[in-house]
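Single-structure report; data block below.
The values are calculated or read from the model by the stated rules, or taken from the named source; none is laboratory data. Quick caveat: nothing in here was measured; it's all calculated off a predicted structure. Cβ placement follows ideal geometry from the backbone for every residue including glycine, while neighbour counts extend to all protein chains displayed. Please note that ligands, DNA and RNA were not included when accessible areas were found on the heavy atoms of the full protein model with its side chains. Shrake-Rupley method; radii C 1.70, N 1.55, O 1.52, S 1.80 Å.
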Amino acid sequence: MSRDKFAAMTSLKIRQATVADVIPLSGLIRRTIRVSNFKDYDQKSIDRLCTIFEPEPVTKRIENELILLCFMGTELVGTVGLRDDYLRSMFVDPEYQGRGLGKMLVARIEEEARQRAIPEMMLHSSLTAREFYLALGYEFVEFQTYPEGPFVLMRKTLL
Ligand SMILES: CC(C)(COP(=O)(O)OP(=O)(O)OC[C@H]1O[C@@H](n2cnc3c(N)ncnc32)[C@H](O)[C@@H]1OP(=O)(O)O)[C@@H](O)C(=O)NCCC(=O)NCCS
């Protein structure tokens with residue numbers, strides 16, 4: 001393991017989000033969309049996606065689904081959510097991508113889903129994250145088009 005990866009793993013903490021986290025959470029997600037999804041979506045789609053993750057709708061998500069937050073020290077660096085049998089809101093700060101944090105967050109949310117006896121996880125992948133989910137064992141189901149742009153429906157058997 002590289003020194004970077006080791007340093008990252010040793011100071012990592014994962015906990016459930018509360019409404020008190022809404023401002024940094026909304027900021028992390030919208031920053032990541034603008035930096036990382038920009039190459040796969042046009043400006044209108046990026047703006048629509050950012051609207052979905054403004055503080056008010058993010059507060060509703062925190063109240064209605066399980067949202068995990070990943071901190072490196074005191075810095076919020078990643079997040080993932082679970083609503084029913086859907087993995088949602090998966091984002092890793094652009095500065096911290098490629099270090100295994102996304103993989104670790106997916107493993108944690110899959111573990112939670114198994115505890116809830118969810119047999120199959122579904123998700124709508126961005127075009128940006130397709131290869132990431134394929135690497136984690138998710139299968140392509142179909143392309144779907146939304147006002148925010150094209151997404152990829154994917155599935156993985158858990159139980
Ligand atoms: C997609 C995302 C969450 C991945 O997080 P990450 O921390 O960078 O991913 P990891 O470092 O944990 O990668 C895990 C595995 O996926 C692979 N992977 C990640 N991104 C990849 C890509 N774009 N292409 C190919 N493989 C990729 C890695 O090589 C790694 O494989 P390994 O376990 O064999 O080494 C992150 O890049 C992100 O936030 N992207 C922008 C937002 C987004 O589109 N989110 C998804 C919304 S549905």
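Only residues that are open to solvent by less than 30 Å² (accessible area, probe 1.4 Å), in contact with a helix residue (DSSP H, G or I) (Cβ under 7 Å, 6 or more places away or on another chain) and closer than 23 Å to SER36 by Cα were counted across the stretch 137-159, and they come to 3. Search the stretch 21-36 for residues that are within 9 Å of the ligand (Cβ to nearest atom) and of a type outside the set (A, V, I, L, M) and pair each with any residue that is open to solvent by 10 Å² or more (accessible area, probe 1.4 Å) and part of a helix (DSSP H, G or I) when their beta-carbon atoms are under 7 Å apart and the residues are at least 6 apart or on different chains. So the pair list comes out as THR32/PRO94; SER36/PRO94.
When the stretch 49-62 is limited to residues that are under 17 Å from the mean Cα position of the chain (by Cα) and among the charged types (D, E, K, R), the one that is nearest to ARG88 (Cα to Cα) turns out to be ARG61. Scanning the stretch 141-158 for residues that are closer than 18 Å to LEU66 by Cβ and either aliphatic (A, V, I, L, M) or assigned to a helix (DSSP H, G or I) (or both) returns a single hit, LEU158.
Which one is least open to solvent (accessible area, probe 1.4 Å), of the residues in the stretch 73-95 that are touching a residue at least 60 places away in the same chain (Cβ under 8 Å) and more than 8 Å from the ligand (Cβ to nearest atom)? The selected residue is THR79. Taking the stretch 46-69 as the range and being farther than 16 Å from GLU148 by Cβ and out of contact with any strand residue (DSSP E or B) (no Cβ under 6 Å at 6 or more places or on another chain) as the test, the residues that pass are PRO55, GLU56, THR59, LYS60, ILE62, GLU63, ASN64.
Within the stretch 21-42, the set of residues being aromatic (Phe, Trp, Tyr) and open to solvent by less than 10 Å² (accessible area, probe 1.4 Å) is empty.
Give me the residue from the stretch 99-108 that is near the ligand (Cβ under 8 Å from one of its atoms) and basic (Lys, Arg) and, out of that set, farthest from THR79 (Cα to Cα). Checking each candidate, the answer is ARG99.
In summary, VAL77 fulfils each of the numbered conditions (1) under 12 Å from the mean Cα position of the chain (by Cα); (2) closer than 17 Å to SER125 by Cα with the single exception of condition (2). Only residues that are open to solvent by 40 Å² or more (accessible area, probe 1.4 Å) and either closer than 13 Å to ARG88 by Cα or more than 12 Å from the ligand (Cβ to nearest atom) (or both) were counted across the stretch 109-136, and they come to 9.
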